[in-house]
1. Which percent of the accessible area of region 113-194 is formed by carbon and sulfur heavy atoms (probe 1.4 angstrom)?
2. For region 186-310, what does the accessible surface come to per residue with a 1.4 Å probe? Please give it in Å².
3. Note the angle between two axes, namely the Cα long axis of helix 188-200 and the longest principal axis of the Cα atoms of the chain, as a number of degrees from 0 to 90, rounded to the nearest 10.
4. Nearest 0.05, what FRET efficiency do residue 117 and residue 70 give at R0 = 25 Å with Cβ-Cβ as r?
5. For residue 176, what is the net charge nearby, where nearby means another residue's Cβ is under 15 Å from its Cβ and Lys, Arg count +1, Asp, Glu -1?
6. Length gain on complete extension for the stretch residue 77 to residue 151, per 0.36 nm per residue less the alpha carbon to alpha carbon distance?
7. Report the normalised scattering of region 73-153 as log10 I(q)/I(0) at q = 0.16, 0.23 Å⁻¹, calculated by the Debye formula with identical scatterers on the alpha carbons.
8. For residue 234, project a label point 7 Å along Cα to C-beta. Then give me every residue of region 280-297 with its amide nitrogen under 15 Å of that point.
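The values are calculated or read from the model by the stated rules, or taken from the named source; none is laboratory data. As the structure is a prediction and not an experimental result, all values here were calculated from the model. Here the Cβ positions follow ideal geometry from the backbone for every residue, glycine too, while neighbour counts run over all protein chains shown. Accessible surface areas use protein heavy atoms only, side chains included; no ligands, DNA or RNA. Shrake-Rupley method; radii C 1.70, N 1.55, O 1.52, S 1.80 Å.
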Amino acid sequence: MPVYKDENPTKDGRQWFFRTRYKDLDGTKKQYHSKKYATRREALDAEAEFKIKALEEANVSTVTFKQMIELFIEQRSSIVKETTMYNYHNKRRFLEPLYNIRLTNFNIETYERWRQYINRCNISTRYKNDIYKFLKSILNYATDWYGFNFVHIYRKMQNFNNPNEMPKEMLFFTYDEFQQFLSVEEDIKFRCGFQLLYYCGLRIGELKGLTWKDIDFENKTVSINKQITKQSSRENWRFVPPKTKKSNRVLPLTKVLLNDLKTLKESDKEILFGFNDKFFVVGDIAPASNNRFSDRKNKNCEKAGVKQIRLHDFRHSCASLLIYKGASINMVSKFLGHSKIEETLNTYTHLYSNALSDITNLIDEMNES
């Protein structure tokens, strides 16, 4: 957002202002520099109001989808997480067929042509519906902020549905498979990283965000309170909050992992100049690169002779292990940091079904004996 803080505040302390470009009625591009405001929020609100007024004066009927998408993303950038903004930019490319369409000309025929375009894209039905939700967010924003009305179109718009689409198989390592995988890993940093993914069910961003301050050797726990997003690099990164509020959690560490972490910390103290508790557990003074663990995982799977799974599947492996050992759905949900227990149920229902079958078989064996 083009909102700035002036180093020279007014006598009453106002120092926030905005600077923006706009078009007047004849299409001439102009730049506007606002007065100063007391807070950043006031400056942001004033900028939004200015843009609405500028659009109204320039005839809102000429506004295109591309312009509205840019306005939406700019407005949301101050109130959503970095990961959400990253997803917005990934999804906007699927709206390109609508870019030059004026919102006043958007109708059900236009939507159906766009729907056909999306159906030709090689993406899952679930992701198609995520893009559909993004489109509706744009339309809702245009309605709330600029007075458009799409009610008559909403009634005819439908979600994407493909009853013939086969669900993706959920891959995971059993405990024995993980031990076989881990047996070929000699680097202590990678050993600790893969164990944190498997035994603690961490997301890869949570793993990358761990610093030594988060490891409590006395209480034998690890605190998950931040993450490094996948769009970050070794040179350009910053901490962001975990995915949800419930993703903030403290997890117990196994004895083997705890001992390996102690060994890793002592090793880092010796080889990393200026080492302190702000250093990253699986990095150094900066977080690990995006592909470091993925490339290592691929090589280890091949070397160990186990199936290839994604890094995120280590999280599924953790859930599978917990369920196999009799953990309740509520406990699994808290352990993984899911925002709602329904998310855990929807993801792992089939694993609980297998567990129920095991219980039935156990009872049958007892009856037979």
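1. Accessible surface attributable to carbon and sulfur in region 113-194 totals 45 percent.
2. 52 Å²
3. Relative to the chain, helix 188-200 is tipped by roughly 80 degrees.
4. It comes out at approximately 0.75.
5. Residues near residue 176 contribute +1 overall.
6. Fully extending the segment from residue 77 to residue 151 adds 24.0 nm.
7. -0.66, -1.28
8. Counting only backbone N, you get 280, 282-296.
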